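Enquirer: Okay, handing you the structure first.
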Amino acid sequence: MDGEELTEQETALYDRQIRVWGANAQRRLTKSHILVSGIKGTVAEFCKNIVLAGVGSVTLMDDSLVNEEALNANFLIPPDENAYRGKTVAEICCDSLKDFNPMVLVSVEKGDLSARSTEFFEKFDVVVIGYGSLATKKAVNEKCRKLSKRVAFYTVDCRDSCGEIFVDLQDYKYTKKKLEEKVECELNFPSFQEAVSVPWKPIPRRTAKLYFAMRVIEVFEENEGRKHGQCSLLDLPTVLEIKKKLCEANTVSESHVPDSLLERLITGTIEFPPACAIVGGILAQEVIKAVSGKGEPLKNFFYYDAQDGKGVMENISNSFTS
């Protein structure tokens, strides 16, 4: 990403943000290549923000067709049925994103993300998985980690008015200001597999309940062979049984995961647009920081719940057990 200098056209277009984070950071952005899979409301907000910021390219993967749920929160899909009939979500969003910033190359890649080889991911600097299955998130993250280059890996999941972001930057170096000096810093990130496999008992009680609730929902969807959001109130007894087994296996009280929270997550299958804007904005901010090397990144989970309006960062790693 340390290629040629910014062109005159790029310098003029991105003048305002160059004043904020500098020409070198903007140059890294314009040379970066982002892969995005699963495009619902939150990911649409993310894509809009990084395209406006001026990344080099965005490759979209989502072969699903437009439905009522997609129209609810994904503002990249036009309301006119004639505009999207016969097209996939990725194709429609690609057309819309090109209008935001014609200097960013936006394209569509078809097929199953989890079936792609490790080499496929080498051409990207950032991989973002939206609303992916537990197996997909684990598999893709491991493929990214096998590459000789560092690929920043993110997952994002929104249900009802709740959102989760996971970040894996592997061994990441960055600079931050301390008083009037720039300080070189380094962080080591666990993989997705490692982060979701941490025993619950050593994790502090103050940790966001959403961390545990999301793990329960992931296991439910994997056990039942469900896609993201394919659940209803009828599934609550099964979800609560899975919660009970997970709490017993981790020797923690069932109060770790409130029943009311699980009920919200399985019944609120349609995203809450204001929450999409907030979580998508945070995700874009984190990707921009990781690509530019400017600012301290989020490590390694972020949670937002619109009911209380709070966003919290949680560092979940095996350090709790060491």
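Enquirer: What number goes with the only condition from (1) out of contact with any helix residue (DSSP H, G or I) (no Cβ under 9 Å at 6 or more places or on another chain); (2) open to solvent by 50 Å² or more (accessible area, probe 1.4 Å); (3) small (G, A, S) that S253 does not pass?
Expert: (1)
Enquirer: Does L134 fit the bill of being surrounded by 15 or more Cβ atoms within 10 Å (Cβ to Cβ) and touching a Lys or Arg at 6+ places or on another chain (Cβ under 8 Å)?
Expert: Working: surrounded by 15 or more Cβ atoms within 10 Å (Cβ to Cβ): yes; touching a Lys or Arg at 6+ places or on another chain (Cβ under 8 Å): no.
It is false that L134 is surrounded by 15 or more Cβ atoms within 10 Å (Cβ to Cβ) and touching a Lys or Arg at 6+ places or on another chain (Cβ under 8 Å).
Here is a yes/no grid of residues against (1) modelled with pLDDT of 90 or more; (2) surrounded by 15 or more Cβ atoms within 10 Å (Cβ to Cβ); (3) in the same structural domain as R116 (by TED's automatic domain parsing):
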{"residue": "L13", "(1), (2), (3)": "no, yes, yes"}
{"residue": "R16", "(1), (2), (3)": "no, no, yes"}
{"residue": "R19", "(1), (2), (3)": "no, no, yes"}
{"residue": "R27", "(1), (2), (3)": "yes, yes, yes"}
{"residue": "S32", "(1), (2), (3)": "yes, yes, yes"}
{"residue": "G38", "(1), (2), (3)": "yes, yes, yes"}
{"residue": "G41", "(1), (2), (3)": "yes, yes, yes"}
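Enquirer: Which is of a type in the set (A, V, I, L, M, F, W, C) and touching a residue at least 60 places away in the same chain (Cβ under 8 Å), of L71, L35?
Expert: From the options L71, L35, the qualifying one is L35.
Enquirer: Ok, one more. Could you list, ordered by first residue, the pairs with Cβ atoms under 9 Å in which the first is in the range 114-129 and part of a loop (DSSP other than H, G, I, E, B) and the second is open to solvent by 50 Å² or more (accessible area, probe 1.4 Å) and of a type in the set (A, V, I, L, M), at least 6 apart or interchain?
Expert: That search, which allows pairs on different chains as well, returns D125/M1.
Enquirer: Kindly establish whether V126 is hydrophobic (A, V, I, L, M, F, W, C), in contact with a Leu (Cβ under 8 Å, 6 or more places away or on another chain), open to solvent by 40 Å² or more (accessible area, probe 1.4 Å) and within 26 Å of R159 (Cα to Cα).
Expert: Details: hydrophobic (A, V, I, L, M, F, W, C): yes; in contact with a Leu (Cβ under 8 Å, 6 or more places away or on another chain): yes; open to solvent by 40 Å² or more (accessible area, probe 1.4 Å): no; within 26 Å of R159 (Cα to Cα): yes.
No, not satisfied.
Enquirer: Which condition number in (1) open to solvent by less than 10 Å² (accessible area, probe 1.4 Å); (2) of a type in the set (S, T, Y); (3) over 20 Å from I288 (Cβ atoms) is the one that S148 fails?
Expert: Result: S148 fails condition (1) only.
Enquirer: Sort out which residues of the range 9-23 are in contact with a strand residue (DSSP E or B) (Cβ under 9 Å, 6 or more places away or on another chain) and more than 15 Å from A290 (Cβ to Cβ), and write them in order of number.
Expert: G22
Enquirer: Let me ask something else about it. Scanning for something under 24 Å from E45 (Cα atoms) and part of a helix (DSSP H, G or I), does the range 167-188 turn up at least one residue? Spell out how you get there, then give the answer.
Expert: Initially, the range 167-188 is screened for residues under 24 Å from E45 (Cα atoms), giving 167-169.
Subset that is part of a helix (DSSP H, G or I): none.
No: the range 167-188 contains no residue that is under 24 Å from E45 (Cα atoms) and part of a helix (DSSP H, G or I).
Enquirer: Could you tell me which residue of the range 210-224 is farthest from H256 (Cα to Cα), considering only residues that are open to solvent by less than 60 Å² (accessible area, probe 1.4 Å) and without any contact (Cβ under 8 Å) to a residue 60 or more places away in the chain? Quick ask: steps written out before the conclusion?
Expert: Keep residues of the range 210-224 that are open to solvent by less than 60 Å² (accessible area, probe 1.4 Å), which gives 210-221.
Imposing the further condition that a residue be without any contact (Cβ under 8 Å) to a residue 60 or more places away in the chain reduces the set to 212-217, 220.
Details: F212: 7, A213: 9, M214: 12, R215: 12, V216: 11, I217: 14, F220: 17 Å.
Checking each candidate, the answer is F220.
Enquirer: Inspect all residues belonging to the range 55-62 and state whether any of them is over 18 Å from K123 (Cα atoms) and modelled with pLDDT of 95 or more.
Expert: So the first thing to find is which residues in the range 55-62 are over 18 Å from K123 (Cα atoms), and the list is 62.
So of that shortlist, the ones also modelled with pLDDT of 95 or more come out as 62.
Yes.
Enquirer: Of (1) over 26 Å from V66 (Cβ atoms); (2) touching a residue at least 24 places away in the same chain (Cβ under 8 Å), L179 satisfies all except one. Which?
Expert: (2)
Enquirer: Looking only at the range 174-191, how many residues end up being open to solvent by 70 Å² or more (accessible area, probe 1.4 Å) and modelled with pLDDT under 85?
Expert: Residues of the range 174-191 that are open to solvent by 70 Å² or more (accessible area, probe 1.4 Å), as a first pass: 176-182, 184, 186, 188.
After this cut, where a residue has to be modelled with pLDDT under 85 as well, the list is 176-182.
Going through the range 174-191 one residue at a time, the tally reaches 7.
Enquirer: Would you point out which residue out of K110, K143 is in a loop (DSSP other than H, G, I, E, B), modelled with pLDDT of 95 or more and either open to solvent by less than 40 Å² (accessible area, probe 1.4 Å) or in contact with a helix residue (DSSP H, G or I) (Cβ under 9 Å, 6 or more places away or on another chain) (or both)? Quick ask: steps written out before the conclusion?
Expert: On the way: K143 fails: in a loop (DSSP other than H, G, I, E, B).
Matching residue, one of K110, K143: K110.
Enquirer: Also, I was wondering about something else. Can you list the helices (runs of 4 or more DSSP H) found entirely within the range 210-322 that contain at least 1 residues being within 17 Å of the chain's Cα centre (by Cα) and assigned by TED's automatic domain parsing to the domain that holds A135?
Expert: Values: elements: 236-249, 259-267, 273-292.
The qualifying helices (runs of 4 or more DSSP H) are 273-292.
Enquirer: Another question, then. Which residues, taken from the range 51-78, are in a loop (DSSP other than H, G, I, E, B), under 17 Å from the mean Cα position of the chain (by Cα) and β-branched (V, I, T)? Break it down into steps so the answer makes sense when it comes.
Expert: From the range 51-78, those in a loop (DSSP other than H, G, I, E, B) are 54-56, 62-64, 66-67, 74-78; that's our starting set.
Filter once more, keeping what is under 17 Å from the mean Cα position of the chain (by Cα): 55, 62, 74.
Within the range 51-78, V55 is the sole residue that qualifies.
Enquirer: Just to be sure before I move on: is G311 farther than 30 Å from R28 by Cβ and either open to solvent by 10 Å² or more (accessible area, probe 1.4 Å) or of a type in the set (G, A, S) (or both) in the structure I sent? Break it down stepwise before answering.
Expert: On the way: farther than 30 Å from R28 by Cβ: no; either open to solvent by 10 Å² or more (accessible area, probe 1.4 Å) or of a type in the set (G, A, S) (or both): yes.
Judged against the criteria, G311 is not a match.
Enquirer: Tally up the residues in the range 192-202 that are assigned to a loop (DSSP other than H, G, I, E, B) and either touching a Cys at 6+ places or on another chain (Cβ under 9 Å) or open to solvent by 60 Å² or more (accessible area, probe 1.4 Å) (or both), please. Write out each step before concluding.
Expert: In the first step, residues of the range 192-202 are kept if they are assigned to a loop (DSSP other than H, G, I, E, B); the result is 197-202.
This time we only want the ones that are either touching a Cys at 6+ places or on another chain (Cβ under 9 Å) or open to solvent by 60 Å² or more (accessible area, probe 1.4 Å) (or both), so: 197, 200-201.
So the answer is 3.
The values are calculated or read from the model by the stated rules, or taken from the named source; none is laboratory data. Just so it is clear, the structure is predicted and the values come from calculations on it, not from any experiment. Using ideal geometry, Cβ is built from the backbone for each residue, glycine included, and neighbour counts are taken over all protein chains shown. Remember, those area values only see protein heavy atoms, side chains included, never the ligands or the DNA or RNA. Shrake-Rupley method; radii C 1.70, N 1.55, O 1.52, S 1.80 Å.
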